[in-house]
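Presented below is the structure to which this report refers.
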Amino acid sequence: MSRRWAALAGVVAAAAGLAVAELVAAWVAPASSPVLAAGAAVVDTVPGWLKDLAISWFGTADKAVLLGTMGVVLAAGAVLAGRLELRRPPWGAVLLAAVGVVGALVATRRPGASATWALPSLVGVGLGVVLLRAFIGRLRVGSTAPSHPDGDGALDRRAFLWLTGATAAGALLAVVASRVVGAGARAVQAVRETLRLPTAATAARAVPAGADLGVVGLATYLTPNETFYRIDTALRVPTVDPATWSLRVHGLVDRPFELTWAELLDLPLVEHHVTLACVSNWVGGDLIGNALWLGYPVRELLARAGPHAGADMVLSRSIDGFTAGTPLDVLLEPDRECLLAIGMNGEPLPVEHGFPARLVVPGLYGYVSATKWVTELKVTRFADDVAYWTPRGWSERGPVKLQSRIDVPRQDEAVSPGADGFVTVAGVAWAQHTGVSGVEVQVDDGPWEVATLADTVGPDTWRQWRFAWDAAAAGRGQHTLRVRATDADGAVQTADEAPPAPDGATGRHTISVAV
Ligand SMILES: Nc1nc2c(c(=O)[nH]1)N[C@H]1C(S)=C(S)[C@@H](COP(=O)(O)O)O[C@H]1N2
Ligand SMILES: [Mo]
């Protein structure tokens, strides 16, 4: 009998944990739901033939079948956890906790995820474990207490039923609440999906065919939105309805004004490719991506407002309070496309990347320029205003540093030379707004050898490069590959190693491979 009650305890505890996880997910970001994230991860990882089979069997019901299967697996796991907790505590709780940790890991690995996407699973599983321990505790008192005044433990059984019943009701309430909490975010997501962006008055330069070398494992010239790195301080992704959005331009200006979404869409928009990089990127890291942005030049907005002489900074503010301090003269440069962007790679900005509007400034790290969900530009002075990261140990100014990275082969990869004895080495190099003019590769302690540069639309994006390495001549065993770039001004990437803080990492990406 108590085995059945234990199974019930497991199911109710797991269901309550999941319900609360859904509620937290609705608050953090709709896609952070552990159930949805796990389902999406399954879809992404099952082999193609299985996917085809599922579609041919179930047609458009394939998603429902997937969620149903997951439900059955979860229920079976919950039954097992309940029984285990009764017979071999604390292994039932451990099983539950393990599922929660896996859920948290899966959620943080979804496209556009941040670390906070682990929260729903962690909070849910924390609650599930506490409930499971409490339920089973009641059961055990009820079944193993001959000295218990009630004799057969009926009182504790009643307490157990009361507790599980109330929990089940609470779980139901949590599910309802999660629908309500998530409604705003879903509405904004729906607005974004139906939005048609205006075509640019000034189109971007077409990407030359030679910009992408097509080497397997090499970062593509354009980074898809789904895999574009994401960095922000937002515990919950701000969801901003364009209909209520506006940008306030004020501060040390002659003519402060407010720009609405409708007004912004009516302006002549510009398209421009810019590689965005994070100052926190380590040498060889991947906190960098290249996209086609659609937006309106910030220079024009500032000209409309008329900045005062003496102003030297624009403090941009996000709806979530984040601020960035950008040098005013950079934003006013006639030949630098600093954009109030609304489009990314031909789509409205993804919600995680700043929907409906953000800034993008070629040549500056994101933390001093690329404010997402931007609602305010305040013309001010570095002496008077302080941006979010400045008192937290990061430099007030953040020009991007010349860098290069080896993508292929990977660190510790075992490579086999082709029939000609060569191995392809390839990567990317960047010096936004200055441009990259050369890349060289060094094998072990040999001479620096010139790599072939791919084409690019201009100096504001990274450039791919490739190098044919005579690995057969190098011989079997471990070898070191190192890269350095030269910018369009002739400056060579420094070998001096510096960490990301306070103003960007330096050094040369170096990997070790085995032939
Ligand atoms: N509102 C807001 N905007 C922000 C940030 C932030 O924390 N909050 N982080 C900045 C940093 S540090 C970087 S590197 C870029 C990253 O932009 P992405 O997430 O679109 O790649 O956004 C910038 N804009
Ligand atoms: Mo960043």
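The values are calculated or read from the model by the stated rules, or taken from the named source; none is laboratory data. This one's a predicted model, so the numbers in the text were calculated from it and none came from an experiment. Here the Cβ positions follow ideal geometry from the backbone for every residue, glycine too, while neighbour counts run over all protein chains shown.
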task = Answer yes or no as to whether ASP407 is charged (D, E, K, R) and assigned to a strand (DSSP E or B).
result = yes
Within the stretch 368-386, residues surrounded by fewer than 24 Cβ atoms within 10 Å (Cβ to Cβ) and not β-branched (Val, Ile, Thr) come out as GLU376, LYS378, ARG381, PHE382, ALA383, ASP384, ASP385
Of (1) out of contact with any Lys or Arg (no Cβ under 9 Å at 6 or more places or on another chain); (2) crowded, with 21+ Cβ neighbours inside 10 Å, VAL42 fails just (2)
Apart from one, (1) surrounded by fewer than 19 Cβ atoms within 10 Å (Cβ to Cβ); (2) among the small types (Gly, Ala, Ser); (3) over 21 Å from ALA243 (Cα atoms) all hold for GLY346; the odd one out is (3)
Item to complete: Determine whether the stretch 280-288 contains at least one residue that is among the polar types (S, T, N, Q) and within 13 Å of ligand 2 (Cβ to nearest atom).
Response: yes
Within the stretch 344-378, the residues that are within 26 Å of LYS401 (Cα to Cα) and more than 13 Å from ligand 1 (Cβ to nearest atom) are PRO362, GLY363, LEU377
Reported set for the stretch 208-225 where residues are of a type in the set (Val, Ile, Thr) and crowded, with 17+ Cβ neighbours inside 10 Å is VAL215, THR223
When restricted to GLY68, GLY82, the only residue assigned to a helix (DSSP H, G or I) and touching a helix residue (DSSP H, G or I) at 6+ places or on another chain (Cβ under 7 Å) is GLY82
Of the conditions (1) without any contact (Cβ under 8 Å) to a residue 24 or more places away in the chain; (2) within 16 Å of ligand 2 (Cβ to nearest atom), the single one that ALA262 does not satisfy is (2)
message = Would you confirm whether or not the stretch 233-251 contains a residue that is within 16 Å of ligand 2 (Cβ to nearest atom), in contact with an Asp or Glu (Cβ under 9 Å, 6 or more places away or on another chain) and closer than 30 Å to ALA485 by Cα?
response = no
Among strands (runs of 3 or more DSSP E) completely within the stretch 310-394, the ones holding 3 or more residues that are in contact (Cβ under 8 Å) with a residue 12 or more places away in the chain, within 14 Å of ligand 2 (Cβ to nearest atom) and more than 18 Å from the chain's Cα centre (by Cα) are 323-327
Result of the Cβ filter at 7 Å on the stretch 147-168, keeping first residues that are in a helix (DSSP H, G or I) and partners that are β-branched (Val, Ile, Thr) and modelled with pLDDT under 85, at least 6 apart or interchain, is ASP156/VAL141
Checked ALA25, ALA19, ALA54 against criteria (under 17 Å from the mean Cα position of the chain (by Cα) and crowded, with 17+ Cβ neighbours inside 10 Å); the one match is ALA25
Checking ARG317, ARG304, ARG299 in turn, the sole residue that is in the same structural domain as ASN345 (by TED's automatic domain parsing), in contact with a Cys (Cβ under 7 Å, 6 or more places away or on another chain) and of a type outside the set (A, V, I, L, M, F, W, C) turns out to be ARG299
Within the stretch 293-319, the residues that are touching a Pro at 6+ places or on another chain (Cβ under 9 Å) and within 12 Å of ligand 1 (Cβ to nearest atom) are SER318, ILE319
Within 23 Å of the chain's Cα centre (by Cα) and basic (Lys, Arg) - does that describe any residue in the stretch 108-124?
yes
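For (1) surrounded by fewer than 18 Cβ atoms within 10 Å (Cβ to Cβ); (2) not aliphatic (A, V, I, L, M), each residue gets a yes or a no:
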| residue | (1), (2) |
| --- | --- |
| ASP455 | yes, yes |
| PRO459 | no, yes |
| GLY477 | yes, yes |
| PRO499 | yes, yes |
| VAL513 | no, no |
Checked VAL11, VAL94, VAL43, VAL99 against criteria (touching a residue at least 12 places away in the same chain (Cβ under 8 Å), over 25 Å from VAL176 (Cα atoms) and not acidic (Asp, Glu)); the one match is VAL43
- prompt: On the given criteria, is LEU332 buried (at least 24 other Cβ atoms within 10 Å of the Cβ) and either among the aliphatic types (A, V, I, L, M) or in contact with a Phe, Trp or Tyr (Cβ under 8 Å, 6 or more places away or on another chain) (or both)?
  reply: no
